[in-house]
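Take a look at the structure set out below.
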Amino acid sequence: MAQLDRVLRSNIKLRHLQLLVALDQFRHLGRTSEFLSVSQPAVSRMLTEIEAMLGQVLFMRSTRGTEPTQAGVAMVRFARSVLAQYERTRDEIAALESGAAGRVRVGAMGVALSPLLADAVDLLKRHSARATVLVETGDLTNLLPKLRLGEIDLFVGRLEPGYAAPDLTTEALYDEPMVAVVAPGHPLAGRRKLSWPQLAAMPCVMPPPWASLRVKLEQQFYRYGVQPPEDIIESWSYQAVAGFVRRRGAVGFMAESAAREFEQAGTLSVLGLAVEVELPAVGIIALRDVVPTAVSEQLMHCLRRAAKGRPSPGKAEPRQPASPRRAAPEKPASPRVAPRKPASPRR
């Protein structure tokens with residue numbers, strides 16, 4: 001243990017860590033050497049050097065490529081974390097030297113991209129025009145590992161309770177309902193009365209199977225006595241949803257605020273059908289024991305400001321998607337009665 005501690009603290013260099021990450025990415029000595037612009041024998045010698053220092057085999061070599069061992073997986077995880085912290089510190093110091101406001105890396109779900117994150121970045125730029133915001137999109141499954149490795153500074157999206165952990169802090173900002181969307185001109189667009197059986201007969205763009213929202217949407221179909229659609233495409237991306245909805249005449253589901261922006265642009269039409277599913281609030285996730293940089297703090301403050309005026313988490317009343325106004329129902333005609341003559345005053 002003492003030898004391993006000494007190696008990790010003193011002997012391992014950044015070039016060693018870069019090699020381990022590259023080997024894990026390419027799983028091939030030749031492609032790794034091309035990426036690092038060194039010879040393949042040099043890559044092989046450096047890997048042997050690292051393994052000798054640690055007293056562990058990190059990658060199994062074969063004619064098909066390289067495969068990390070359990071020790072190799074642990075070292076690659078360590079390497080990614082250290083390199084992410086190195087890049088973060090380098091960028092922060094470089095920003096201070098140049099007079100810029102720094103760089104913040106955000107992982108965002110589609111529900112938070114527009115308008116929340118877009119509005120927050122606008123606010124940030126008004127205060128610090130030279131601040132740089134790097135946005136990486138995805139879901140919690142892909143982005144939380146990047147947050148833990150330090151490859152992103154914060155996550156913005158739905159706060160799924162199943163992903164809560166002691167090493168994370170969460171801050172709910174607002175509730176965001178879902179709506180159903182179709183392309184303008186779709187047979188269901190503009191209909192006054194819509195039902196889930198009508199949606200079940202259409203192609204649909206749905207979230208991936210592992211998403212809690214997918215389960216809740218399928219339960220909506222069962223609730224109204226129909227099977228979920230069989231003709232489906234699965235995607236988290238709102239751009240993909242919008243594209244397939246238009247191309248295939250499908251029905252899609254997305255956050256209401258994003259759907260309204262597509263509708264204002266004339267690319268989608270929001271259906272007048274209530275999507276009554278309980279959804280986690282939209283909010284921020286960060287690492288508990290990591291002190292955020294100044295620009296990260298600024299962006300989180302801007303996210304809070306951009307979220308003001310939206311329904312508070314846990315207090316939002318059920319919202320119905322906008323639908324065309326219906327004419328008031330006519331009252332049934334009452335039988336005609338001959339008008340009575342006013343009684344003459346008694347004398």
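The values are calculated or read from the model by the stated rules, or taken from the named source; none is laboratory data. The structure presented is a predicted model; accordingly, all values stated were derived computationally and were not measured. We place every Cβ from the backbone using ideal geometry, glycine too, and count neighbours over all the protein chains shown. We work out accessible area using only protein heavy atoms, side chains counted, and drop any ligands, DNA or RNA first. Shrake-Rupley method; radii C 1.70, N 1.55, O 1.52, S 1.80 Å.
Express the accessible area of the chain per residue in Å², computed with a 1.4 Å probe while the remaining protein chains stay in the model. Provide the component values of the computation, followed by the final result.
Working: 19970 Å² over 347 residues.
Accessible area per residue: 58 Å².
For the stretch 120-245, what is the Kirkwood estimate of the hydrodynamic radius, computed as the reciprocal of the mean inverse distance between distinct Cα atoms, to one decimal in Å?
One decimal place: 17.6 Å for the Kirkwood radius.
Once you charge only the Cβ atoms, +1 for Lys and Arg and -1 for Asp and Glu, what is the size of the charge dipole of the chain about its Cα centre, to the nearest 20 debye?
Numbers: 46 positive and 34 negative charges, 420 e Å.
Roughly 2020 debye, rounded to the nearest 20.
What do you get for the angle between helix 140-149 and the principal long axis of the chain? Use alpha-carbon atoms, 0 to 90 degrees, nearest ten.
Approximately 40 degrees, to the nearest 10.
Could you tell me what % of all Cα pairs in the stretch 155-199 have separations over 16 Å? Let's see the in-between values first.
Values: 579 of 990 pairs.
Roughly 58 percent, once rounded to a whole number.
So what's the angle, to the nearest 10 degrees on a 0 to 90 scale, between helix 118-127 and the longest Cα principal axis of the chain?
The angle comes out near 60 degrees.
Ranking request for peptides 300-310, 19-29: highest mean number of other beta-carbon atoms within 10 Å first, then the rest in descending order. Walk me through the intermediate numbers first.
Values: 300-310: 17.1, 19-29: 19.5.
Those peptides, ordered most packed to least, come out 19-29, 300-310.
By how many degrees, 0 to 90 and rounded to 10, does the Cα axis of helix 294-307 deviate from the longest principal axis of the chain?
Tilt of helix 294-307: around 10 degrees.
Could you give the semi-axes, largest first, of the ellipsoid that matches the stretch 82-182, computed as the square roots of 5 times the alpha carbon gyration tensor eigenvalues and rounded to whole Å? Each step should come with its number before you reach the end.
Values: eigenvalues 135, 72, 23 Å².
Values for the stretch 82-182, descending: 26, 19, 11 Å.
Can you find, among 16, 118, 52, the residue farthest towards the positive end of the dipole of the chain? Put +1 on the C-beta of Lys and Arg, -1 on that of Asp and Glu.
In the chain, that residue is 118.
Across all directions of projection, what mean area in square nanometres is found for the Cα convex hull of the stretch 216-309? Each step should come with its number before you reach the end.
Numbers: hull surface 35.7 nm².
Convex hull of Cα atoms, orientation-averaged projection: 8.9 nm².
Quick one: length gained pulling residue 195 to residue 57 fully straight, 0.36 nm per residue minus the C-alpha distance?
Numbers: separation 138, 0.36 × 138 = 49.68 nm, distance 6.03 nm.
Difference between extended and current length: 43.7 nm.
Carbon and sulfur together cover what percent of the accessible area of the chain at a 1.4 Å probe radius? Don't jump to the answer; show the numbers that get you there.
On the way: 10420 of 19970 Å².
Carbon-and-sulfur percentage of accessible area, whole number: 52.
Based on the alpha-carbon set only, what is the convex hull volume of the stretch 183-256 divided per residue, in Å³?
Working: hull volume 6.9 nm³, N = 74.
Per-residue hull volume (Cα only) is 93 Å³.
Highest first, please rank the peptides 204-216, 55-67 by the mean number of other Cβ atoms sitting within 10 Å of their residues.
Details: 204-216: 17.0, 55-67: 13.6.
Ranking the peptides 204-216, 55-67 by packing returns 204-216, 55-67.
Roughly speaking, what is the centre-to-centre gap between the stretch 198-241 and the stretch 59-138 when only Cα atoms are used, to the nearest Å?
So the separation of the two Cα centres works out to 32 Å.
Nearest 5 percent is fine: what portion of the DSSP beta bridges confined to the chain is antiparallel? Mind showing how you got there, number by number?
Numbers: 20 of 34 bridges.
Antiparallel bridges: around 60 percent, rounded to the nearest 5.
Give, as a single signed number, the net charge of other residues whose beta carbon lies under 13 Å from the beta carbon of residue 262, with Lys and Arg counted +1 and Asp and Glu -1.
On the way: positive: 246, 260; negative: 256, 261, 263.
Value of the local net charge: -1.
Give me the log10 of I(q) over I(0) for the stretch 1-70 at q = 0.11, 0.19, 0.24, 0.26 Å⁻¹, as the Debye formula computes it from C-alpha points; what are the numbers?
-0.25, -0.72, -1.09, -1.24
Can you pull the Kirkwood radius for the stretch 1-141, inverse mean 1/r over Cα pairs, to one decimal in Å? Don't jump to the answer; show the numbers that get you there.
Values: mean 1/r = 0.0563 Å⁻¹.
It works out to 17.7 Å.
Can you give me the pair-distance distribution of the chain, C-alpha pairs, 20 Å bins, whole percents?
Reading upward from the zero bin: 24, 42, 25, 6, 2, 1, 0.
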